[in-house]
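Below is one structure, written out as structure tokens; the observations come after it.
The values are calculated or read from the model by the stated rules, or taken from the named source; none is laboratory data. On a predicted model such as this, the values are computed, not experimentally measured, just so you know. Virtual Cβ from ideal backbone geometry, glycine too; neighbours counted across all protein chains shown. Heavy atoms of the whole protein, side chains included, go into the accessibility calculation; ligands, DNA and RNA do not. Shrake-Rupley method; radii C 1.70, N 1.55, O 1.52, S 1.80 Å.
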Amino acid sequence: MNSSVKKFNYVADISNISHYIIREFLDNKMIAVDATLGNGYDTEFLSNNFKMIYSFDIQENACKEYLKKQKDNVMIINDSHELLDKYIKEEVDCIMYNLGFLPGGNKEITTQHITSLKSIKLGLKLLKHGGLMTICIYRGHNEGKEEEHYILDYLKTLDKGEFGVMHHSFLNRSKTSPILVVVEKK
Ligand SMILES: C[S@@+](CC[C@H](N)C(=O)[O-])C[C@H]1O[C@@H](n2cnc3c(N)ncnc32)[C@H](O)[C@@H]1O
């Protein structure tokens, strides 16, 4: 077989790994949050696996594009995820963050470490016991590096009796390759 067509199955896309982890390890799939809708791949995955999904994006075009799908179980919120608790008044099973900028969109409109961290802190409070939070961080741009620094620093301080935190990274790729962090609430 030509080596150029060989692909990695597991060691490939961190978003796919986050979907796999949620599918396999989360018992209750009732309510989920996509904190960064973007092109809608994560919301689509959540919509196919959960009863109700809240999906945030500050970009109106991303929201309008997803609304065309007319999914009954997805509530699109055109606002910042730092306002999670303004819109969500119940506990949730799962929260996904796919940080950074919209692929193919304006790279200037990116998640910011201060608001991402604020949202993650609120999200951990909203998460049910047994719930999962996944965070994909892209450290190939300056704001992504800041997010890596501040978010990991914070997650390291979580009480290990209440939260399990796992860090997934590529060991033999560039130092700026993306990372996936998974937080499980006991
Ligand atoms: C990497 S993309 C998300 C990819 C997406 N999950 C998907 O499946 O295609 C990051 C998205 O976060 C959005 N974003 C940036 N800051 C935000 C904020 N404060 N609240 C909500 N969304 C934000 C951007 O507009 C962008 O669409």
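Summary table
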{"quantity": "Test for L126: is it of a type in the set (A, V, I, L, M, F, W, C), in contact with a strand residue (DSSP E or B) (Cβ under 8 Å, 6 or more places away or on another chain), over 21 Å from S15 (Cβ atoms) and at pLDDT 95 or above", "calculated": "yes"}
{"quantity": "Selection status of I179, in contact with a Cys (Cβ under 8 Å, 6 or more places away or on another chain), touching a residue at least 60 places away in the same chain (Cβ under 8 Å) and β-branched (V, I, T)", "calculated": "yes"}
{"quantity": "Residue within the stretch 129-144 that is free of Cβ contacts under 8 Å to residues at least 40 places away in the same chain, over 17 Å from P178 (Cβ atoms) and more than 14 Å from the ligand (Cβ to nearest atom) present", "calculated": "no"}
{"quantity": "Residue in the stretch 95-113 that is of a type outside the set (A, V, I, L, M, F, W, C), in a helix (DSSP H, G or I), open to solvent by 30 Å² or more (accessible area, probe 1.4 Å) and more than 12 Å from the ligand (Cβ to nearest atom) present", "calculated": "no"}
{"quantity": "Residue ranges of helices (runs of 4 or more DSSP H) in the stretch 1-85 with at least 3 members in contact with a helix residue (DSSP H, G or I) (Cβ under 7 Å, 6 or more places away or on another chain)", "calculated": "14-25, 41-49"}
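Condition check ((1) part of a strand (DSSP E or B); (2) open to solvent by 30 Å² or more (accessible area, probe 1.4 Å); (3) out of contact with any helix residue (DSSP H, G or I) (no Cβ under 6 Å at 6 or more places or on another chain)) across all residues:
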{"site": "I135", "(1), (2), (3)": "yes, no, yes"}
{"site": "K145", "(1), (2), (3)": "no, yes, yes"}
{"site": "E148", "(1), (2), (3)": "no, yes, yes"}
{"site": "K160", "(1), (2), (3)": "no, yes, yes"}
{"site": "L171", "(1), (2), (3)": "no, yes, yes"}
{"site": "E184", "(1), (2), (3)": "yes, yes, yes"}
